[in-house]
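Rule-based calculations on the coordinates, nothing more; no lab input. Remember, predicted model here, so these are calculated numbers, not experimental data. Here the Cβ is made from the backbone with ideal geometry for all residues, glycine too, and neighbour counts use every protein chain on show.
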């Protein structure tokens, strides 16, 4: 099996299991409001970068601090779920700024569209 295919399969499994762990183990904490967007595993599968977004209003800094504090426990829970792996990757949590960028872009496009509509209304009058 190609290393890339295996890496992608492991990354998908990490994403799925992390999502379940957060819902099950952290249901009454701000970490339950995280959505795991993507996981990228290193070629040797020793490191994994987890990209997340925050659904409900938990402050970003607080969430990052809580993830750093809970990283070892989360990794231990992940190891229990993924016993087929020889090594469970060290997890690096990163806020996924893509969603915020999309929202900002949509807002800009809406503003531009309203301005154009206002200009065309003014020119017709």
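A Gaussian network model of the chain, with springs between Cα atoms under 10 Å, assigns the largest mean-square fluctuation among 42, 113, 19 to 113. Relative contact order for the chain: what percent, with Cα pairs under 8 Å and sequence separation of 6 or more? Relative contact order comes out at 24 percent.
The C-alpha atoms of the chain define a longest principal axis, and helix 60-81 lies at about 40 degrees to it.
Can you put 93, 87 in order, fewest other beta carbons within 10 Å first?
87, 93
Which FRET efficiency, nearest 0.05, do residue 87 and residue 56 yield, Cβ-Cβ r, R0 30 Å? Here the calculated transfer efficiency is 0.35. A Förster radius of 22 Å, combined with the Cβ-Cβ distance separating residue 71 from residue 12, puts the computed FRET efficiency at roughly 0.60.
Build a GNM of the chain with springs between Cα atoms under 10 Å apart, and of 105, 91, 18 the one that fluctuates most is 105. Antiparallel DSSP bridges in the chain: what percent, to the nearest 5? For the chain, the DSSP antiparallel bridge percentage is about 55. Mean-square fluctuations from a GNM of the chain, with a 10 angstrom spring cutoff on Cα atoms, peak among 97, 107, 81 at 107. Adding -39500 (n - 2.57) for every DSSP H run of four residues or longer, then dividing by how many residues the chain holds, sets the calculated 222 nm ellipticity at -20500 deg cm²/dmol. Note on the stretch 18-50 and the stretch 78-125: Cα centroid distance 19 Å, given to the nearest whole angstrom. Taking all C-alpha pairs of the chain, those more than 25 Å from each other amount to 38 percent.
Ordered by the count of other Cβ atoms within 10 Å of each Cβ, fewest first, 16, 61, 66 give 61, 16, 66.
How tilted is helix 3-25 with respect to the longest principal axis of the chain? Cα atoms for both, answer in degrees (0 to 90, nearest 10). That works out to roughly 80 degrees.
Quick one: grab the alpha carbon gyration tensor of the stretch 10-61, order the square roots of its eigenvalues as a ≥ b ≥ c, and give me rounded if a/c is under 1.5, else prolate or oblate depending on whether a/b is larger than b/c. It is prolate, given that a/c is not under 1.5 and a/b is the larger ratio. Fully extending the segment from residue 79 to residue 64 would add 3.3 nm, taking 0.36 nm per residue of separation and subtracting the current Cα-Cα distance. FRET efficiency for the residue 98 to residue 123 pair, using the beta carbon distance and R₀ = 41 Å, is estimated at 0.65.
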